[in-house]
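The values are calculated or read from the model by the stated rules, or taken from the named source; none is laboratory data. It should be emphasised that the depicted structure is a prediction, and the values quoted were computed from it without experimental measurement. Because the Cβ atoms are built from the backbone with ideal geometry, glycine has one as well, and the counts that use them run over all protein chains shown.
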Amino acid sequence: MFPFSTGMTFLTGLGLGVLGVLWILYERRDFRAASGRRPSAHHCVRCDAVYGAERASGPCACPRCGHLNPALRF
């Protein structure tokens, strides 16, 4: 049988290791899921409107004037 201090150290380390692995897995899952949900921000150079749109691969039309504007990059 292990001494009490060795057993507690092992169990504490094992618990922290399991929590660390779960933390990494959930962070990766949230990062992948969030990249598709985030809308893109746009600024219209013609009418000076700031608006959001669903994630698009190209420019998005302004809801006020219809001018095509690229997404803002932060």
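Counting only residues that are under 30 Å from PRO63 (Cα atoms) and among the basic types (Lys, Arg), which one in segment 18-50 is modelled with the lowest pLDDT?
Filtering segment 18-50 down to residues under 30 Å from PRO63 (Cα atoms) leaves 31-50.
Restricting the remaining residues to those that are among the basic types (Lys, Arg) gives 32, 37-38, 46.
Values: ARG32: 73, ARG37: 62, ARG38: 68, ARG46: 92.
Top of the filtered list is ARG37.
Among the residues of segment 54-66, those identified as touching a Cys at 6+ places or on another chain (Cβ under 8 Å) and over 10 Å from HIS43 (Cα atoms) are ARG64, CYS65. Here GLY7, GLY15 are screened, and the one residue that is part of a helix (DSSP H, G or I), at pLDDT 90 or above and not assigned by TED's automatic domain parsing to the domain that holds PRO70 is GLY15.
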